[in-house]
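Report on the following structure.
Read-outs throughout are calculated quantities, based only on the coordinates presented, and are distinct from any laboratory measurement. Note that this is a predicted model, so its numbers are computed, not measured. No Cβ is skipped: glycine too gets one built from the backbone with ideal geometry, and neighbour counts run over all protein chains shown.
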Amino acid sequence: QCKVCSESGKTCGPLGPPDGPGVEGSDFVLYVSGITTERCGQENIVAYAAYCQLEAELDRPIAGYANLCPAMISSQPQEFEGMLSTVKHEIIHALGFSAGLFAFYHDDEGKPLTPRFASGLPAFNESLGLYQWSEAVIRRVSRLWDIRGGLMVRNQVHVLVTPRVVEEARRHFNCPILEGMELENQGGTGTELNHWEKRLLENEAMTGSHTQNRVFSRLTLAIMEDSGWYRANYSLAQRLDWGRGLGCDFVMKSCKFWMERQRQRRHSVTPYCDTVRASPLQLTCRQDQLAVAVCNLQKYSEELPLEYQYFERIPDVSSDQLSMFGGAVEIADFCPFSQEFSWHLSGEYQRNSYCRVSENQPGDTHTHTETHTHTHTHSHTHTHRDTHTHTDTHTETHK
């Protein structure tokens, strides 16, 4: 039977039906529904998920649920892989990739990585609304961050520093001094800290938004193994090309620094880009050469925050407007990159620019089609219930 506490935590008691026989031979129970709920109507949410309960000895999640919002489920063949990766993304949150679970991670010997009180629980962070992890799991790191005007600011980031994650991050970026893998620092409560940093791992499936070509890389398998609850089969990891082998300057400095250094060397600024999206579109290829893409650099209606102003000059843009230009995906620190897109006719979806889906091949020519880049954004809320029963809800929205 569940034990539920009040919001103040002062009164607790049993709730719901008495204990049942359980599910024999199971490590994790996932409850799945497909119903239209009040939450489905918020910000065009596609799906949401949560871990429900942790077991007592090693704090491993043993139950979770996911709800898929029927109105947002696409039956288009071009959308199948994206929908499937959405479900996988939410399940991984329920299994362990969650800010609400970081304080409960264990080492390979089953010892907690975060110290516990006599109650068996770590300290509770009231401002974050979750249990506070130790520096054996996440550390706060300062980065020197180049911005417009030859200025430099200090950028404070959270870095996941568990052993396998550190090893995989250093190998992926070819940066032996990298402290670990940076977590998302934007997107507000739920997206922030619950995902990999979008600027550094653009199409990794556990970043905070779905833009294109999701892959579940060795880094995501590493964090699951570093939780102390799983063993990963790395042969099943998908190849992640974004940032691969680009070195410490790419992973530890701003995209402005990277782009300017590449220009000085007469090299491409890939994986970033610096072409303003305009009509007619200036088309390019996605980094893996499997989709037609367009640079998502755009003009905003107001100045971007100072730390996200990167451009000293843009062709045909006056100097007094440079501070308003940035990439369309905010949680990528407004760094612009080439992104696949879709065609719409009179507001109706027609096809997208991924080349390996037969339905995307050009048919009749439409003279009034519109092009759209899409971002599916993940947000998460945490509500502490009791010692080993938690609600940690993960929602995916389509913007």
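3J(HN,Hα) along segment 201-206, derived from phi through the Karplus expression 6.51 cos²θ - 1.76 cosθ + 1.60 where θ = phi - 60°, amounts to 9, 2, 9, 5, 5, 9 Hz, with x in place of Gly and Pro. Hydrodynamic analysis of segment 1-56 uses the Kirkwood radius over alpha carbon pairs. Inserted into Stokes-Einstein at 37 °C and 0.692 mPa s, it gives a translational diffusion coefficient of 223 µm²/s.
Here segment 18-95 is described by how far its Cα atoms reach on the three principal axes: 42, 26, 19 Å, from widest to narrowest. Debye-formula intensities of segment 106-161, expressed as log10 I(q)/I(0) at q = 0.17, 0.26 Å⁻¹, are -0.69, -1.07 (one equal scatterer per alpha-carbon, no solvent).
Legend: distances between Cα atoms for Lys111/Lys198; Lys88/Lys299; Lys256/Lys299; Lys88/Lys253; Lys88/Lys198; Lys88/Lys256; pairs beyond 25 Å are Lys111/Lys198; Lys88/Lys299; Lys88/Lys253; Lys88/Lys256. For segment 111-269, the Cβ-based charge dipole about the Cα centre amounts to some 520 debye (Lys, Arg positive; Asp, Glu negative; other atoms uncharged).
If you take the Cα centroid of segment 314-343 and the Cα centroid of segment 110-147, the two points sit 34 Å apart.
The 3J(HN,Hα) values that the Karplus relation (6.51, -1.76, 1.60; θ = phi - 60°) gives for segment 250-263 are, in residue order, 6, 8, 10, 10, 6, 5, 4, 4, 4, 5, 5, 5, 5, 4 Hz. Gly and Pro appear as x.
Each of Gly22, Val46, His106 was scored by the projection of its Cα onto the charge dipole of segment 1-111, and the greatest displacement toward the positive side belongs to Val46; charges sit on the C-beta of Lys, Arg, Asp and Glu. A viscosity of 0.692 mPa s and a temperature of 37 °C, combined with the Kirkwood radius over Cα pairs in Stokes-Einstein, give a translational diffusion coefficient for segment 173-282 of 210 µm²/s. Residues Asp19, Asp27, Asp274, arranged from fewest to most other Cβ atoms within 10 angstrom of their Cβ, appear as Asp19, Asp27, Asp274. Taking only the C-alpha atoms of segment 118-221, Rg followed by Dmax gives 15.2, 53 Å.
The Rg/Rh ratio of segment 46-169, with Rg taken over Cα atoms and Rh as the Kirkwood radius over Cα pairs, comes to 1.07.
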